[in-house]
Structures are given as structure tokens and as C-alpha cells.
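Peer 1: Provided herewith is a single structure, encoded as C-alpha cells, for subsequent inquiry.
The values are calculated or read from the model by the stated rules, or taken from the named source; none is laboratory data. All figures in this text were calculated on a predicted structure; none of them were measured in a lab. With ideal geometry, Cβ positions are generated from the backbone for all residues, glycine too; neighbour counts draw on all protein chains shown. All accessible areas refer to the heavy atoms of the entire protein, side chains included, with ligands and DNA or RNA removed. Shrake-Rupley method; radii C 1.70, N 1.55, O 1.52, S 1.80 Å.
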Amino acid sequence: MQQPRAWVRYFLGFESLLTKSAVAVATAGLALASLIGLYQIVARFVLHQSAEWSEPLVQMTLIWMTYLGLAAAIRSGTLISVDWLLSLSKGRARHIIQLLILFCVLTLLGFLTWSGIALAMRVKFQTIAGLGVSASWAYAALPFGAAVSFVAAIAHALDPRSDVDHQTQNT
């Protein structure tokens, strides 16, 4: 087995740290959203006092969790895909198809990053009702998650994970 170049090792180390951090924050986001949702139920039905800040905070947390968690799915190659063409191809043709797929994914993630930044800047003067914070904080999940996923997609192309089972069984 050939030893990867130094820049590839450094890039994969950076990507690993970035993706693990994104997954940790996404996991914490899920826990936070669950706790806030529980508080919202207790406040509304037990204490008979509505917490108007809880629902938009749960929504914003789930948005961030989703876009940060996307990086892990891209890195492991476990997104839903139609791999019929890949299963039929071998050798050079398979490599060309994989490069084409990578190009399409990077193009989409680059577009999401660019348009997400524009969208977040466009809503920076709007506030989220109940929270009183700029709507840009919610919309910033799109470009941030797409940028992290961009790095994860390149890492997956350089070093595909072989320890992940991509097969699904319909029973």
C-alpha cells in the first residue's frame, strides 16, 4: 500500500478534526433541542406558562444540527445514492464516474455556501420572534454546514472509508 503524501495526511487530519467537531456540536444540538422541547411541554401543560422562546430555539438548533451532521454523512459516504452506474463500471470508467460525482457534489456544496452567505447577509436586520436575535444566526447554518461538508467530500474522495457498510437490505 502506498503511503499518502504529506499534504494529504495534513488535510485528512484537519478534516477529521473539523468533522468530529461538527458531529459533536450536532449531537449536543440534538440533546439541547430535546431538553428545550421537554421544558416547553412542562412549561405549557404543567406550569401553564408558555415559553415563547423555546420553539424558535428548538427549530434553530435542529437546523444547525442537520447541516453540521451532513458533513459526517458525506465523509462516510452514507448519503442515499443511486449507484447503479457505479455498480456496472470498473477500472478507469468507474474512476471517471466517481470524479464526475465528486464534481457535482462540490458544485452543489459550493453553491449552497455562496447562496447561504448571501441569504444570511440579506436577513441580518431581521430578528427571530421570541429570541430577539438576528435571523442570520439561523441562516448561517446553511453556508457553514455546506463548507464543512465541502471539506468532508474532498476527504472522502482522497480517502474513502472502507469500514462503513453501504449496503441496505429491504426486508
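Peer 1: Length gain on complete extension for the stretch Arg5 to Ser21, per 0.36 nm per residue less the alpha carbon to alpha carbon distance?
Peer 2: Answer, rounded to one decimal: 3.3 nm.
Peer 1: May I ask you to compute the full-extension gain from Ser81 to Gln59, defined as 0.36 nm times their residue separation minus their alpha-carbon distance, rounded to one decimal in nm?
Peer 2: Between Ser81 and Gln59, full extension yields an extra 5.2 nm.
Peer 1: Once label points are set 7 Å from the Cα along Cα→Cβ at both Arg161 and Ser50, what is their separation, rounded to one decimal in nm?
Peer 2: Calculated label separation equals 4.2 nm.
Peer 1: Just one of (i) 99; (ii) 151; (iii) 172 is volume of the Cα convex hull per residue in Å³ as worked out from the coordinates here. Which one is it?
Peer 2: (ii)
Peer 1: Could you provide, to the nearest whole Å², the per residue accessible area of the range 1-132 with probe 1.4 Å?
Peer 2: Accessible area per residue: 72 Å².
Peer 1: Cα centroids of the range 1-67 and the range 127-154: how far apart, whole angstrom?
Peer 2: If we compute the Cα centre of each part, the gap is 12 Å.
Peer 1: Can you tell me which of 141-150, 39-48 comes out highest on packing, and rank the rest after it, using the mean Cβ neighbours within 10 Å?
Peer 2: Sorting 141-150, 39-48 by mean packing, highest first, produces 141-150, 39-48.
Peer 1: Please compute, over every Cα-Cα pair in the range 1-99, the percentage with a separation greater than 18 angstrom.
Peer 2: That fraction is 67 percent.
Peer 1: With r as the distance between the Cβ atoms of Ala28 and Phe125 and R0 = 30 Å, compute the FRET efficiency 1/(1 + (r/R0)^6) and round to 0.05.
Peer 2: 0.55
Peer 1: On to the next question. For Ala155, what is the net charge nearby, where nearby means another residue's Cβ is under 10 Å from its Cβ and Lys, Arg count +1, Asp, Glu -1?
Peer 2: 0
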